[in-house]
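Contents: one structure, followed by commentary.
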Amino acid sequence: MKGNTLLWSLALAAGAACIGAAGAGELYRWVDENGRVHYTDQPPPAQARGAERKRLGDKPTDATLPYALKEAVRNFPVTLYSAEGCGEGCKQAVAYLTRRGVPFTEKDARNADNAKAVMAITGGKLEVPLLAVGRNTLRGYEEGTWASTLDSAGYPRSAVLPTGVAARKQEPKVAKETPPAEGDPPGGAAKPAN
C-alpha cells in the first residue's frame with residue numbers, strides 16, 4: 001500500500017513539474033540535421049530547420065476556417081516560392097492568392113533548402129514564382145491556370161477567410177542563402193519564370 005502511495009506522489013509531482021514548466025514558457029518544434037523532429041521548452045539551436053514556436057493556449061490557425069476551406073488546406077496545402085527581385089510575377093501571385101483568400105506559405109527561394117526544392121521541381125533551374133498546390137506545381141504566374149488548379153483542389157473561388165485571419169504566412173528569413181548562379185540577377189535573386 002505504501003508503494004502505491006509513493007508512486008502516486010511521484011506521478012503527481014512529475015505532472016505538476018511538466019505543467020509548471022510548460023505553462024511558464026513556450027514550446028518549440030524543430031528538426032535537427034539528421035531529420036529528427038524535437039519538441040522542447042528551450043529555443044532550438046541555430047542549425048535547426050523548420051523551427052516553430054508555440055505558446056500554450058494558442059489556437060490552431062485553421063480552427064476558425066470554414067469546413068470546405070479547411071479541407072482544401074489539409075488535403076492540398078499551398079506553398080508559393082518567390083524571391084526578392086522576382087518582379088511583377090511574384091507580386092501578382094501574392095496579390096491573387098490573397099484576393100482569393102487562399103491560405104498559403106511563402107518561402108524564399110534564395111534559402112538553400114528552398115532552392116534545392118525549387119530546382120528539383122524545375123529540372124535544376126531556380127525559377128520563381130513557383131506554386132505548389134499539394135503535389136501539383138505551377139511554374140510562373142498565369143491566373144487562369146492557377147485558378148483552375150485551386151478550383152480542382154477545392155479552394156473556394158472567392159475569399160471566405162474569417163476577419164482577422166491572414167491568407168499569407170511568410171517563412172522567417174534565414175541568413176543561409178544560395179550563391180547566385182551564373183546569369184542570376186545581382187543579390188542572388190532567382191530568375192522569374194516565363
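The values are calculated or read from the model by the stated rules, or taken from the named source; none is laboratory data. In this text the structure is predicted, and so the values were computed from the model without any measurement. Quick reminder, even Gly has a Cβ in these numbers, built from the backbone with ideal geometry, and neighbours come from all protein chains shown.
Would you confirm whether any residue within the range 51-59 is at pLDDT 90 or above and in contact with a Leu (Cβ under 7 Å, 6 or more places away or on another chain)? Within the range 51-59 (the criterion being at pLDDT 90 or above and in contact with a Leu (Cβ under 7 Å, 6 or more places away or on another chain)), the answer is no, since none of the residues qualifies. Just one of (1) more than 28 Å from Asp32 (Cα to Cα); (2) in contact (Cβ under 8 Å) with a residue 12 or more places away in the chain; (3) part of a helix (DSSP H, G or I) fails for Gly144. It is (2).
Considering only the range 69-90, state which residues are modelled with pLDDT of 90 or more and out of contact with any strand residue (DSSP E or B) (no Cβ under 6 Å at 6 or more places or on another chain).
Leu69, Lys70, Glu71, Ala72, Val73, Arg74, Asn75, Pro77, Glu88 - these are the residues of the range 69-90 that are modelled with pLDDT of 90 or more and out of contact with any strand residue (DSSP E or B) (no Cβ under 6 Å at 6 or more places or on another chain).
Ala120: at pLDDT below 95, closer than 28 Å to Asp32 by Cβ and surrounded by 19 or more Cβ atoms within 10 Å (Cβ to Cβ), yes or no? Against the criterion (at pLDDT below 95, closer than 28 Å to Asp32 by Cβ and surrounded by 19 or more Cβ atoms within 10 Å (Cβ to Cβ)), Ala120 does not qualify.
All told, Glu142 meets the bar of being at pLDDT 90 or above, surrounded by 13 or more Cβ atoms within 10 Å (Cβ to Cβ) and more than 20 Å from the chain's Cα centre (by Cα).
Of all residues in the range 87-99, exactly one satisfies the criterion of being crowded, with 20+ Cβ neighbours inside 10 Å and free of Cβ contacts under 8 Å to residues at least 60 places away in the same chain, namely Ala93.
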